[in-house]
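The values are calculated or read from the model by the stated rules, or taken from the named source; none is laboratory data. Remember, predicted model here, so these are calculated numbers, not experimental data. Ideal geometry is used to build each Cβ from the backbone, glycine not excepted, and the neighbour counts take in all protein chains shown. These area figures cover heavy atoms from the full protein model, side chains too; ligands, DNA and RNA do not enter into them. Shrake-Rupley method; radii C 1.70, N 1.55, O 1.52, S 1.80 Å.
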Amino acid sequence: MTAAFARARANIALSKYWGKCDAALNLPAVPSLSLTLDDLVTETWASVDGALDADAVTLDGSLRTGAEAATLGRFLDLVRSRCGAPPNAYLMVRSSNHFPTASGLASSASGYAALAAAASSALGASLDDAALSRLARRGSASAARSIFGGWAVLPAGVPGDDALAAQPAFDAAHWDVAMVLALADKGPKDVSSRDGMRRTVETSPYYAAWLATAPLLHAEVRAAVAARDLEAVGAAMEASALAMHASAWAARPAVRYARGATLETLDAVRTLRAQGVGAWATMDAGPHVKVLCAAADASTVSTHLAAVPGVLGTRVARPGAGVERT
Ligand code: 2P0
């Protein structure tokens, strides 16, 4: 049988999602706005295999087992139910990430977006983008945004309401910007974003402040992206990232993703601005810094950041397309 194929790309949030209002349905407590990137691609093939008595998922050539296989199996159970397929229509899935080598950027966003698309096609369903986004969200909330190219918004959820999907805000051609990825040494294993945000929700005295601030910063980011005002986007984007990380640092025990190279890179971005180059930083659940700038400044920014102590390399990404299926 021919396998269904899907390709999806990672996205970076400019206004951040951090914290759930309903963990069972994977609903975010705050709205977020992201840019899908051309450079960070996951490709996934899926086919129904009558010889299987459970799903078999291979990522970058290695068969997933144990707790990870169980999580993927539960997600594929949901896909079967949304597609009206029998519970025993088990899938053979092969997925590969085409990310910068050893970058540590491998993202559940592109992974679950591609898996939702490939698995639903293999089961014979043709879900529209909203239904796919809703489905991908249950795998990973950020995956809901990767269904769409360019700039996408995932609104805050309402507890118990499983209908939440991301929405396209502006297409990839809206604005000629670049995201320069400064890759820092990963060091010891990080806390997963799921565990990090849970700990923040449960223990951080600053989580309430984050809940109050995040929607305001999101509105600021959205209006500035609409106006293509890089300085305004940059200022609100940095504020969102730093407020998110501050809420996480205050958790017990602390959830801290920044490393030495992360802070060195933030200083380098400030130096670039002092030199008249429009560049602003954001960070996620890892040590890497992602820097937004005009496309015309990308090589200047990339060269400057590559020289920062502890930065292993840089990569220039541009606005990318949404999920593709065959
Ligand atoms: C974001 N992050 O908005 C935020 C900023 C990381 C920092 O969404 O638990 O993998 O699967 O919904 O989507 C990463 O968290 O977490 C993320 P789950 P997810 O991009």
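Here are some notes:
- Total formal charge among the other residues, if their Cβ is under 15 angstrom from that of ALA141, Lys/Arg +1 and Asp/Glu -1: +3
- Average accessible surface for the chain: 41 Å² per residue, computed with a 1.4 Å probe over protein heavy atoms with every protein chain in place.
- When only alpha carbons are used to place a centre, region 255-326 and region 66-126 end up 30 Å from one another.
- Each Cα pair under 8 Å and six or more residues apart adds its sequence gap; the mean of these over the residue count of region 1-153 is a relative contact order of 32 percent.
- FRET efficiency, ALA69 to ALA163 (Cβ-Cβ, R0 30 Å, nearest 0.05): 0.60
- DSSP-defined antiparallel bridges as percent of all bridges, the chain, nearest 5: 90 percent
- Apolar share of the accessible surface for the chain: 53 percent from carbon plus sulfur atoms, 1.4 Å probe.
- For region 4-21, putting each phi into the Karplus relation 6.51 cos²θ - 1.76 cosθ + 1.60 with θ = phi - 60° gives couplings of 6, 10, 9, 10, 9, 10, 5, 10, 10, 7, 8, 9, 8, 8, 7, x, 10, 9 Hz, in residue order, rounded to whole numbers and with x for Gly and Pro.
- Rg ratio (alpha-carbon, reference 2.2 N^0.38 Å) - region 4-172: 0.97
- Accessible surface of ASP60 - all protein chains present, 1.4 Å probe, nearest 10 Å²: 90 Å²
- For region 122-237, the Kirkwood hydrodynamic radius from C-alpha pairs, put into Stokes-Einstein at 20 °C and a viscosity of 1.002 mPa s, yields a diffusion coefficient of 128 µm² per second.
- Extension gain, ALA226 to ASP185, is 11.3 nm, computed as 0.36 nm per intervening residue step minus the present C-alpha separation.
- Working from the Cα coordinates of the chain, the gyration tensor eigenvalues give, after taking √(5λ), semi-axes of 32, 21, 19 Å in decreasing order.
- Candidates LEU216, LEU115, LEU154, ranked by Gaussian network fluctuation over the chain, Cα under 10 Å, top entry: LEU216
- Other residues whose C-beta falls under 11 angstrom from the C-beta of ALA172 contribute a net charge of -1, scoring Lys and Arg +1 and Asp and Glu -1.
- Largest first, the extents of the alpha carbon coordinates of region 174-317 on the three principal axes equal 43, 36, 24 Å.
- At R0 = 30 Å, FRET efficiency that the Cβ-Cβ distance of ALA209 and ASP176 yields, to 0.05: 0.30
- The chain: relative contact order in percent, alpha carbon pairs under 8 Å with at least 6 residues between: 24 percent
- Linear extension gain, ASP77 paired with LEU216, 0.36 nm per residue minus alpha-carbon span: 46.4 nm
- For region 309-326, 3J(HN,Hα) per residue [Karplus equation, 6.51 cos²θ - 1.76 cosθ + 1.60, θ = phi - 60°, Hz, x = Gly/Pro]: x, x, 7, 7, x, 10, 8, 9, 10, 10, x, x, 8, x, 5, 10, 9, 10
- Summing charges over all other residues whose Cβ lies under 15 Å from the Cβ of VAL57, with Lys and Arg as +1 and Asp and Glu as -1, gives -3.
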